[in-house]
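Visitor: Please see the structure below; I have some questions.
The values are calculated or read from the model by the stated rules, or taken from the named source; none is laboratory data. Just so it is clear, the structure is predicted and the values come from calculations on it, not from any experiment. All Cβ positions, glycine included, derive from the backbone under ideal geometry; neighbour counts span all protein chains shown.
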Amino acid sequence: MRRWPLILACVAATVAWTAQAQTDSDDARTHFEAELVRQCPDKQLELLTASQLRDGLDNYMDGLPQDVRDRLQKSETDHCSSDGAGASCVNLADITAAEAEGRMEDLVGYVCGSFLRCHSQGVCDYAR
């Protein structure tokens, strides 16, 4: 009988942690999108596909110090451990970790520099 309060407390803590993680991710995504509009409003980078954004994030991560890159990769693993988790999940994990690291403006600046413009959903010109 005494186990039930402990089990219920564990379930409640897990639900609360999951809700907080979702809120943090939502806040980071909102900040990312607002920063895109602020830094490169004419490029329409909100039209990037998940795989295009993934390219930009991967390239950004390659230039980070190893300890920061490790923290972003840990965020990917923590948030997207299932086999079905795709580029959107990994992108959001990286964006959330960049927010936590105080690197959002730098990240968005890199993404803005990686693309010339999007013409429609998924039809975007790389800057390279």
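Visitor: In the stretch 54-63, what residues are more than 14 Å from Gly113 (Cβ to Cβ) and touching a residue at least 24 places away in the same chain (Cβ under 8 Å)?
Guide: Correct list: Arg54, Met61.
Visitor: Okay, next question. Of all the residues that make up the stretch 106-128, how many are of a type in the set (Gly, Ala, Ser), in a loop (DSSP other than H, G, I, E, B) and touching a residue at least 24 places away in the same chain (Cβ under 8 Å)?
Guide: 1
Visitor: Still on this structure, I have one more. Of all residues in the stretch 55-67, count the ones that are buried (at least 16 other Cβ atoms within 10 Å of the Cβ) and not in a helix (DSSP H, G or I).
Guide: 1
Visitor: Select, from Asp70, Asp78, Asp94, the only residue that is surrounded by 20 or more Cβ atoms within 10 Å (Cβ to Cβ), part of a helix (DSSP H, G or I) and not β-branched (Val, Ile, Thr).
Guide: Sole residue among the options that is surrounded by 20 or more Cβ atoms within 10 Å (Cβ to Cβ), part of a helix (DSSP H, G or I) and not β-branched (Val, Ile, Thr): Asp94.
Visitor: Does at least one position in the stretch 102-118 carry a residue that is farther than 23 Å from Asp24 by Cα and in contact with an Asp or Glu (Cβ under 6 Å, 6 or more places away or on another chain)?
Guide: yes
Visitor: While we're on this one: How many of the residues in the stretch 36-54 are farther than 17 Å from Ala87 by Cα and either β-branched (Val, Ile, Thr) or in a helix (DSSP H, G or I) (or both)?
Guide: Of the residues in the stretch 36-54, 7 are farther than 17 Å from Ala87 by Cα and either β-branched (Val, Ile, Thr) or in a helix (DSSP H, G or I) (or both).
Visitor: Looking at the structure I just gave you, is Glu33 in a helix (DSSP H, G or I), within 14 Å of Arg117 (Cβ to Cβ) and modelled with pLDDT under 95?
Guide: no
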